[in-house]
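*Asks:* Structure incoming, see below.
The values are calculated or read from the model by the stated rules, or taken from the named source; none is laboratory data. Because the structure is predicted, anything quoted here is derived from the model rather than measured. Please note: Cβ atoms are built from the backbone with ideal geometry, for glycine as well, and neighbour counts cover all protein chains shown. Just the protein is used for accessible areas: all its heavy atoms, side chains included, with ligands, DNA and RNA removed. Shrake-Rupley method; radii C 1.70, N 1.55, O 1.52, S 1.80 Å.
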Amino acid sequence: MKISIRNFAVAIICFCYIGLNAQSTKKSFNNYVKINSNDTEEIILEKAAKVTPSNRQYEWQKMELTAFIHFGINTFDEVEWGQHETDIKQFNPTNIDVKQWVSVLKNAGMKLIVLTTKHHDGFCLWPSKFTDYDIANTPFKNGDGDIVNDLSKACADAGIKFGVYLSPWDMHEKLYGTDEYNTHFKNQLTELLTNYGEIAEVWFDGANGEGANGKKQIYDWNGYYELIRNLQPNAVIAVMGPDVRWVGTESGYGRKTEWSVLPGNSTYQDDIASGSQQAETNGAFIPQNLMDEDLGSRDKIFKAESLVWYPAEIDVSIRPGWFYNSGDDNLVKTPLKLVDIYYNSVGLNGVLLLNVPPDKRGLIHENDIKSLNGMRYLLDETFNDNFMEKAKTVSSNEAKGHEAKYLVDNSSETYWSQIKTDKQTVAQIILNRGRNFNTVMLQENILEGQRIEKFRLEFYNGQLWETFAEGTTIGYKRLIRFPEVHSDRIKIIIEQSRSNPQLSTVALFKAPPEVSFEPNGCSFGENIKVKLSSDTKRSKIYYTLDGSEPNKKSLLYKDEITLNSTTTITAIAISPDKKQSLPTKVNFNKAKYSVKYNRIYSEKYSASKEFTLVDGVCGAENFTTGDWQGFEGDNLDVVIDLGESKALNKISSNYINDLNSFIFLPSSVEYSFSEDGINYESNLVVTNNEEIKGSKKGIKTFTRDLDGITARYIRVVANNIGTCPDWHKGFGSKAWLFIDEIDVK
Ligand code: FUL
């Protein structure tokens with residue numbers, strides 16, 4: 001018999017198909033495939049569908065939640081990027097307890113901790129034989145400390161993985177910018193990869209500037225990778241590395257369409273790739289900007305020269321900065337924000353790398369712990385109760401050994417596969433009883449590749465089928481939240497996929513309720529009306545007005561609450577299924593005085609509009625999130641009405657200094673006083689005598705003793721320096737003036 005090429009191909013496809021028909025199939029990983037110039041679009045789709053993670057990539061993806069720790073000399077300086085000559089003698093975390101780090105992060109659900117062993121400043125948290133700029137030359141434990149050792153041991157004891165961040169950019173090292181630096185860097189890598197047990201992730205930063213001598217470095221990336229593969233073959237190399245890609249932002253939010261299979265370079269080498277070690281060219285693994293919205297659509301892969309498995313890691317800090325800064329203690333992300341990030345990272349086919357920076361004591365701060373625990377509570381309350389228990393499935397298109405029942409068996413490695421290619425691939429799931437649900441989890445069996453391009457979910461409302469969720473990619477995990485629905489059956493409809501879909505999980509959950517405030521905290525004049533509501537129907541809301549935590553015995557919310565004085569409302573919602581929200585605390589501040597503006601502030605920077613300056617709350621050190629009022633190139637000029645004539649002892653006003661953000665202190669502040677609001681006397685001036693150039697970031701208070709001046713009206717003028725001076729990067733552009741809280745005693 002003569003076998004035509006076409007029949008031969010069909011025979012191979014059938015063979016593969018039969019081969020897959022057993023849940024126990026052993027998978028051989030293939031995270032790279034070449035595209036030939038004569039490959040048709042069908043062939044490219046088939047190839048894309050079959051690119052799978054390497055073993056180390058798969059193990060990494062399954063962790064879902066991982067933690068970053070930024071700790072070093074910058075913690076003590078309270079800066080994000082230290083300088084090459086920073087004095088390391090100030091490094092002395094006297095109460096350090098790395099076991100606390102591990103237990104806090106493990107309780108939050110983290111499966112791995114990546115430590116900044118050396119940041120761009122060059123300071124090493126382990127005693128390195130190759131530099132003096134390390135922990136051995138600090139007062140910490142009289143030079144006998146080794147935080148890499150302590151943390152790696154604490155992780156191993158707690159059964160979680162350990163990873164290292166080692167900044168290729170080193171501002172301190174004299175060799176930086178020469179060939180010898182590559183040897184130096186490899187020596188340091190070797191220390192980290194041989195002396196501290198199993199390393200699960202090596203994180204190479206993309207930030208790359210000049211060294212101490214003004215030179216830039218040409219990195220021997222391939223040499224670094226080879227060393228890692230030899231010393232720690234199970235470690236993934238992230239960001240400037242072949243295994244794990246930066247998602248493209250530091251916001252905590254991934255893409256709604258997130259492909260793990262992306263076009264690769266033509267220069268990938270087969271032999272390296274087949275060893276699950278993608279090659280590198282000029283520091284880039286894919287010929288695209290990682291910040292682009294579309295990285296792996298059909299459009300992109302049809303033009304590709306190769307395809308690689310290159311999944312997204314989403315790094316974000318729990319605080320505004322990567323390193324600890326005491327000014328940020330009240331700016332820690334809330335549990336609700338962390339949960340939102342979870343849905344938009346883990347729930348969008350990524351791994352979350354959440355940074356939690358310890359403070360100067362060497363401890364994770366109480367506020368960070370509270371947020372992490374809150375996040376864990378909300379995730380557990382949602383995901384510990386899967387409504388698929390005892391569910392039944394129906395599909396007219398299911399392959400033997402891969403029936404639709406595997407969608408609800410709680411395993412991400414068993415999956416539903418089909419006997420024929422349908423235009424739409426449909427399965428129905430019947431719950432053991434009617435349920436209220438508002439969250440769905442979908443998973444593809446990525447051991448067989450990422451294939452689904454478009455899906456929809458419907459529930460039966462007793463008469464009709466209605467859509468409650470839809471999307472594009474799924475990948476390892478897709479989570480979708482939607483307004484609560486009630487039903488005992490749903491349908492999953494796969495509308496488009498590369499090759500046949502291999503869905504492994506569909507699960508339904510009900511998240512605890514949330515409480516919302518309208519307005520969501522503000523400052524006010526005479527009085528204010530506040531409305532409370534919950535996203536879950538028939539929830540009851542309980543609240544307190546004294547800052548204490550509410551319970552079922554607290555005030556039950558019925559109508560809007562009218563406030564006449566500064567008040568904190570704390571509220572909880574309890575849904576009919578007895579799920580409880582976290583308590584939400586919101587402040588409403590009554591303005592202490594009325595205030596009239598002679599010049600108008602920037603709308604963009606005025607947290608509580610006209611009341612900002614007199615609401616009794618001073619902004620924190622971070623101008624974007626603090627309670628500040630900004631004036632661009634203009635002076636502040638306001639009149640405060642105390643309501644009656646008073647004998648005054650002291651007046652003060654606060655300004656922020658943040659030269660990097662073009663925010664300067666005022667050159668002077670003038671206070672003048674009046675009984676009638678028309679005639680002003682005693683113009684008292686407080687002049688800024690500080691050298692502005694190089695002045696330290698922070699808040700400065702301009703105070704005047706008043707020795708019993710009597711007045712009802714006070715005019716405050718703060719003089720903006722006008723334009724940025726010639727030594728400043730913004731030379732010539734308007735300077736900002738930021739003020740908050742005028743206080744009169
Ligand atoms: C960036 C660095 O410059 C930041 O300081 C931080 O380490 C972040 C995770 O990566 O590129």
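*Asks:* At 1.4 Å probe size, with the rest of the protein present, what percent of the exposed accessible area of the chain is carbon and sulfur atoms?
*Replies:* 49
*Asks:* Going highest first, how would you order 457-468, 346-357, 473-484 by mean Cβ packing within 10 Å?
*Replies:* So the peptides 457-468, 346-357, 473-484, ranked by packing, come out 346-357, 473-484, 457-468.
*Asks:* P(r) for region 488-542: what percent of alpha-carbon pairs falls in each 10 Å bin, starting at zero?
*Replies:* 15, 26, 20, 18, 14, 6, 1
*Asks:* Here's a follow-up. Report the Cα-based extents of region 392-509 along its three principal axes, largest first, to the nearest Å.
*Replies:* Answer, in whole Å and largest first: 33, 26, 24 Å.
*Asks:* Considering only DSSP beta bridges with both partners in region 75-208, what is the antiparallel share in %, to the nearest 5?
*Replies:* Given both bridge residues lie in region 75-208, the antiparallel proportion sits at roughly 10 percent.
*Asks:* Based only on Cα atoms, what Rg/Rh ratio does region 376-422 have, Rh being taken as Kirkwood's radius?
*Replies:* Answer for region 376-422: 1.13.
*Asks:* Taking only DSSP H segments of four or more residues, each worth -39500 (n - 2.57), what value at 222 nm results for the chain once the sum is divided by all its residues, to the nearest 500 deg cm²/dmol?
*Replies:* -5000 deg cm²/dmol
*Asks:* Determine the dipole magnitude for the chain: charges of +1 sit on the beta-carbon of Lys and Arg, -1 on that of Asp and Glu, nothing else is charged, the reference point is the Cα centre, and the result goes in debye to the nearest 20.
*Replies:* In debye, rounded to 20, the chain gives about 2780.
*Asks:* Mind giving me the FRET efficiency for Glu226 and Glu80? R0 is 25 Å, r the Cβ-Cβ distance, nearest 0.05 is fine.
*Replies:* 0.20
*Asks:* Output the peptides 569-577, 38-46 sorted from most to least packed, where packing is the average of other Cβ atoms within 10 Å over each peptide's residues.
*Replies:* The peptides rank, most packed first, as 569-577, 38-46.
*Asks:* Follow-up. Of Lys510/Lys537; Lys89/Lys118; Lys50/Lys400, which sit over 18 Å apart, Cα to Cα?
*Replies:* Lys50/Lys400
*Asks:* Also, I was wondering about something else. How large is the charge dipole for region 392-509, taken about the Cα centre, if only the Cβ atoms of Lys, Arg (+1) and Asp, Glu (-1) carry charge, to the nearest 20 debye?
*Replies:* It works out to roughly 60 debye.
*Asks:* I would also like to ask the following. At 1.4 Å probe radius, can you tell me the per residue accessible area of the chain in Å²?
*Replies:* 43
*Asks:* So how much slack lies between Ser695 and Glu366, counting 0.36 nm per residue of separation and subtracting their Cα-Cα distance, in nm?
*Replies:* Length gained, Ser695 through Glu366: 115.4 nm.
*Asks:* Also, quick follow-up: Contour minus end-to-end for Thr190 and Lys529, with contour as 0.36 nm per residue of separation and end-to-end as the Cα-Cα distance?
*Replies:* 115.7 nm
*Asks:* May I pose another question? From Cα pairs below 8 angstrom and at least 6 apart in sequence, can you work out the relative contact order of the chain, rounded to a whole percent?
*Replies:* Answer for the chain is 10 percent.
*Asks:* Going Cα to Cα from Lys392, which aspartates and glutamates come in below 20 Å? Please leave out same-chain ones fewer than 8 positions away.
*Replies:* Output for Lys392: Glu403, Asp409, Glu413, Glu444, Glu458, Glu466, Asp488.
*Asks:* Count the DSSP beta bridges whose two residues both fall in the chain, then state the antiparallel fraction as a percent rounded to the nearest 5.
*Replies:* 75
*Asks:* Let me ask something else about it. Along the charge dipole of the chain, which of Ile199, Pro358, Asn182 sits closest to the positive end, that is, farthest toward it, with unit charges on the beta carbon of Lys, Arg, Asp and Glu (+1, +1, -1, -1)?
*Replies:* Checked the options; the winner is Ile199.
*Asks:* If you take the Cα atoms of region 120-177, find Rg, then find the Kirkwood Rh from the mean of 1/r over all pairs, what is Rg/Rh?
*Replies:* Rg/Rh for region 120-177 comes to 1.03.
*Asks:* Let me ask you something else. Once you put a point 7 Å from the Cα of Thr40 and another 7 Å from the Cα of Ile218, both along the Cβ direction, what distance in nm separates them?
*Replies:* Each label point lies 7 Å from its Cα, and together they span 4.6 nm.
*Asks:* Show log10 I(q)/I(0) for region 587-745 at q = 0.10 Å⁻¹, two decimals, from a solvent-free Debye sum over equal Cα scatterers.
*Replies:* Debye output, listed in q order: -0.34.
*Asks:* Would you kindly calculate the mean projected area, averaged across all directions, of the convex hull enclosing the Cα atoms of region 172-238, in square nanometres?
*Replies:* With every direction weighted equally, the projected area is 4.5 nm².
*Asks:* Additional query: Note down the magnitude of the dipole of region 322-406 about its Cα centre, charges +1 on Lys and Arg C-beta and -1 on Asp and Glu C-beta and zero elsewhere, to the nearest 20 debye.
*Replies:* The dipole magnitude comes to about 200 debye.
*Asks:* Looking at the P(r) of region 3-381, how many percent of alpha-carbon pairs lie beyond 25 Å?
*Replies:* Here the tail beyond 25 Å accounts for 57 percent of pairs.
*Asks:* Over 51 Å, how big is the tail of the calculated P(r) for the chain, in percent of all Cα pairs?
*Replies:* 25
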